[in-house]
1. Of these, A:97, A:89, A:119, which one is over 19 Å from residue A:35 (Cβ atoms) and of a type outside the set (A, V, I, L, M, F, W, C)?
2. Could you grab me the full set of residues in the stretch B:222-267 that are of a type in the set (Val, Ile, Thr), part of a loop (DSSP other than H, G, I, E, B), in contact with a helix residue (DSSP H, G or I) (Cβ under 6 Å, 6 or more places away or on another chain) and buried (at least 24 other Cβ atoms within 10 Å of the Cβ)?
3. Identify all residues within the stretch A:181-201 that are among the aliphatic types (A, V, I, L, M), surrounded by 22 or more Cβ atoms within 10 Å (Cβ to Cβ) and assigned to a strand (DSSP E or B); write none if there are none.
4. Here are the criteria: (1) surrounded by 23 or more Cβ atoms within 10 Å (Cβ to Cβ); (2) within 26 Å of residue A:197 (Cα to Cα). Tell me which single one residue A:5 does not satisfy.
5. With (1) modelled with pLDDT under 95; (2) among the hydroxyl-bearing types (Ser, Thr, Tyr); (3) under 19 Å from residue A:230 (Cα atoms) as the list, and residue B:228 as the residue in question, which single condition is left unmet?
6. For the stretch B:9-22, give me the residue count where each residue is surrounded by 17 or more Cβ atoms within 10 Å (Cβ to Cβ) and either in the same structural domain as residue B:174 (by TED's automatic domain parsing) or over 25 Å from the mean Cα position of the chain (by Cα) (or both).
7. Scanning for something of a type in the set (Gly, Ala, Ser) and modelled with pLDDT of 95 or more, does the stretch B:204-212 turn up at least one residue?
8. Suppose the filter is touching a Phe, Trp or Tyr at 6+ places or on another chain (Cβ under 7 Å) and assigned to a strand (DSSP E or B); does residue A:47 pass it?
Protein chains: 2
Amino acid sequence: MGICGKDLIKDGWFSERGALWPGQAMSLEVTEVLYSGRSDFQDLLVFTNPTYGTVLVLDGVIQVTTRDEFAYQEMIAHLPLYAHPNPVDVLVIGGGDGGVLREVLKHPSVRRAVLVEIDAAVVEVSKRFLPALAAGYDDPRVEVIIADGAAYMEDHANAYDVIITDSSDPIGPAEVLFQPPFYAAMARCLRAGGLACCQGECMWLHLGLIRPLLTACRRVFPTVGYAYTAVPTYPSGQIGFVVCAKAAGATPAVSARSPPPDVQARLQYYSPAVHRAAFVLPEFARRAVEGEGEETPAAGGDKKEDP
Amino acid sequence: MGICGKDLIKDGWFSERGALWPGQAMSLEVTEVLYSGRSDFQDLLVFTNPTYGTVLVLDGVIQVTTRDEFAYQEMIAHLPLYAHPNPVDVLVIGGGDGGVLREVLKHPSVRRAVLVEIDAAVVEVSKRFLPALAAGYDDPRVEVIIADGAAYMEDHANAYDVIITDSSDPIGPAEVLFQPPFYAAMARCLRAGGLACCQGECMWLHLGLIRPLLTACRRVFPTVGYAYTAVPTYPSGQIGFVVCAKAAGATPAVSARSPPPDVQARLQYYSPAVHRAAFVLPEFARRAVEGEGEETPAAGGDKKEDP
């Protein structure tokens, strides 16, 4: 790749320029560089900023800041976990910083949380510099596997109630996580009635990428929805989620659009009202992402061909 | 002031740094500078960007881009206009670019749309370089007054059904638009049952400014709500609205949280579902902005003291 995050710091400011958001860049003032290094997979940079706290950057792209990370971690985790009636076994693909894992562990029904991260360096750096995110690694329910998530899923059919794919962008090590075979593997790895939630890029920037991704998901899941959350330090300030449900035998798949009425959770970002509102897209995005199969459960099977 | 927008362009990129968002900056690549000048009130800059089209900058702060402006204009205009049962006379304070006016004129019930802008240069520059925003200036229902909006309202009691304050930030010429006397003047200028909607800054950056602003509004309006929209080129990607309703005699004030069921509008950003979702705040923001008087109409009067 050749990107060095530290080289993107000029005159005390880090600037995030990327091919996925041409013509725009988020810049953050750098108080102190805490870490800069390269793993087998990517470049890692950790610095502090006066407003956003500690910032983790992979291959030049901001992944988390300690000030606004909850808006992402809570939503990608709790949308499927509160929508699922009884999540026991949960798989996190990617998410080496530990933030999603921390949220997963807040659900008392969860007995096992497996994190499959390809890059051990992300886990190590997070434990060292982002302890508020890495908070769950010592929990006895957690198992960390350093491996390729797609390959792991192939070996674990019908094993999980919820799968969360917390990936970086589809350039670099996460590219495979945005391809149709990955979604098919996810469907096989889920138990009947299971839910998957995947990082789904930004509706302001990537509708051209989001549409085929949803089409691929609709080929293997009976219901597919698109939700979003607002994260100031992500490009254009928002990031979306592809939420897929697998049918439970003759029962229609769960709709993840709304948690059951008994859910009362009020976290830092998430609430049941925020859950429902996250699926309400601005019209330009709703028109672009809605298609055949959108929230029209095909009872009795977990496969539905697009026409 | 001394800010010169053109000086903020370095190596072909414009960077927006400001005291209201320390430690962060949105940068936009500059394809061409179309205009740079100074009026009696502020510095004006217009340039083009490959992703966001034409960009208007006042005193170094991005005001609109032709790609994402609809997310702001539609929401600040249609939240009060669709919530009001019959808006006939509408006042826009600020909004010299014409974008809000364009949206106001989409409502067939509107017979008169008065725009009071302090800086004639903004209107002129918009007519010349932002024709898609300035589209409404030739409409026979429109009257443009170059004057101070607060002073104008003092001379026009009980004259308007809807008032929209489309201001820049509370540093510079718009400072007065964020002070308690302005909200009291707005309440007097509205007819019974009228609605006001004001630019309300960003919940990620300005809760310390938003809370006293809401307290001031609750002193003069029986119902006050806070909504938000997502605009990629605004600091932290979001901007809020303070929506205030004046009581109609013995009838409780209108709640602007939801349009009447007969509203079917589906614009580029706005829909009735988006309208309702805009008032659903992330928990950290909901807790901060909710207080006494929030959506608890005090029937029969348009004044309610905070405890």
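The values are calculated or read from the model by the stated rules, or taken from the named source; none is laboratory data. The shown structure was predicted, so the numbers you read here are calculated from the model rather than taken from an experiment. As a convention, Cβ positions derive from the backbone with ideal geometry for all residues, glycine included, and neighbour counts pool all protein chains shown.
1. Only one candidate qualifies: A:89.
2. B:231
3. If the condition is that a residue be among the aliphatic types (A, V, I, L, M), surrounded by 22 or more Cβ atoms within 10 Å (Cβ to Cβ) and assigned to a strand (DSSP E or B), then A:190, A:195, A:196 are the ones that fit.
4. (2)
5. (1)
6. 2
7. Filtering the stretch B:204-212 down to residues of a type in the set (Gly, Ala, Ser) leaves B:208.
Right, trim to modelled with pLDDT of 95 or more and you get none.
No; the residues of the stretch B:204-212 include none that is of a type in the set (Gly, Ala, Ser) and modelled with pLDDT of 95 or more.
8. Considered against the rule, which asks whether it is touching a Phe, Trp or Tyr at 6+ places or on another chain (Cβ under 7 Å) and assigned to a strand (DSSP E or B), residue A:47 comes out as yes.
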